[in-house]
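Below: the structure, in structure tokens.
Nothing in this text is a laboratory measurement; each read-out follows from the coordinates by a stated rule. From a predicted model like this one, the values you see are computed outputs, not experimental measurements. Because the Cβ atoms are built from the backbone with ideal geometry, glycine has one as well, and the counts that use them run over all protein chains shown.
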Ligand SMILES: CC(C)(COP(=O)(O)OP(=O)(O)OC[C@H]1O[C@@H](n2cnc3c(N)ncnc32)[C@H](O)[C@@H]1OP(=O)(O)O)[C@@H](O)C(=O)NCCC(=O)NCCS
């Protein structure tokens, strides 16, 4: 587009509030904002999550709500630059969703809920209503979504209605004067409205003295200790573990994204009594009903049967069908350097069968290649 061309706008100019449509699925209703929404708009926008993840004024007060309801929303409808809907649920104002025109046939969606409306599927319903309207009545071809990296609730709402996600864009968003990295997503008019990937949240698995649970930021010290452990570095020289406390958040984010994209599910293998991290177990590389299982131990987690117990729990979960809340994998691979006696013994105790030894495929720490022992386990 040439810089001198006008900003693309919605095709219709709508007198507010008279011609703002009311859209409902019987549970959630989208309607024009009302002056009486003001107190709950203030509660929603002063809430810490809204302050953290959106660009609403900070601090948020009655004057900010008055400006939003009296100026921003009516002007956006009248100028056709954006369509703002109040979200109503349980007979009261539950939040706002908007479609902002970003070009001919394209808009960006934004949404936020009052704290007492969260966790009840309201965002998914509101998104569905707004998207249906945008594609049908505003002739949109594509709707985009952007969120600050780490806004999992927003990502999950977008994921649930079928958004596809691109790479993280560094510094794309301005948050009150600071640049923040952004997740981006898109949904075209003809896309299916449902999750494109499995979101592999690791379920808690317990037995044999260990509890498998999601990794948390409080496990940061143990992750760094594992990363710096010479035994682990020799066995897995390419493991992308955090080597400093500053790298922990980025590592956990990558773990979360692997799960959210359906690529990889990883558990912290914790001591069942103390909840202290002893190691990691993961399932990844899903293809045609096969997947690979991987693991490593913190130095304090070795020699106590923790990983044997963990591998048993993970393989059972991976091979169980969806009806048993399993991953529905029919075949598991386990690969380890042929010289790694500990890992090979573990594989054999867990019931894996040696398929063969591949030559020169396991990277060593000094840049050389070891042979790889390949094991398999069929469900
Ligand atoms: C974004 C928002 C509207 C989502 O509303 P919601 O869908 O009711 O939110 P929920 O609290 O139910 O969270 C949605 C899902 O994300 C999941 N989730 C929340 N935090 C998570 C985290 N840290 N990691 C992984 N998943 C997480 C929830 O478990 C929930 O899953 P479910 O759909 O299976 O129940 C709401 O959180 C909000 O108003 N946030 C502040 C404003 C905002 O961030 N707007 C979006 C700007 S891009």
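Structure data summary
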quantity	calculated
Over the chain: helical MRE at 222 nm, DSSP H runs n ≥ 4 each giving -39500 (n - 2.57), nearest 500	-8000 deg cm²/dmol
Estimated distance in nm for a label pair at residue 274 and residue 249, the labels positioned 7 Å out from Cα along Cα-to-Cβ	2.8
Share of pairwise Cα separations in the stretch 180-250, more than 16 Å, in percent	70
Relative contact order computed over the stretch 191-265 (Cα-Cα under 8 Å; 6+ residues apart), in percent	39
Kirkwood-Stokes translational diffusion coefficient of the stretch 23-188, alpha-carbon pairs, 37 °C, 0.692 mPa s, µm²/s	204
Principal axis dimensions, largest first and in whole angstrom, of the stretch 246-367 by Cα	36, 34, 30
Per residue, the convex hull volume that the Cα atoms of the chain enclose (Å³)	183
Cβ-derived FRET efficiency at R0 41 Å, residue 66 paired with residue 290, nearest 0.05	0.10
Calculated FRET efficiency for the pair residue 189/residue 36, C-beta based, R₀ 30 Å, to 0.05	0.30
Length released on extending from residue 323 to residue 52, taking residue separation times 0.36 nm less the Cα-Cα span	93.7 nm
Computed lengthening from residue 341 to residue 169, 0.36 nm per intervening residue step minus Cα-Cα distance	57.7 nm
Choice from 96, 361, 336 showing the highest fluctuation, given a GNM over the chain with Cα pairs closer than 10 Å	361
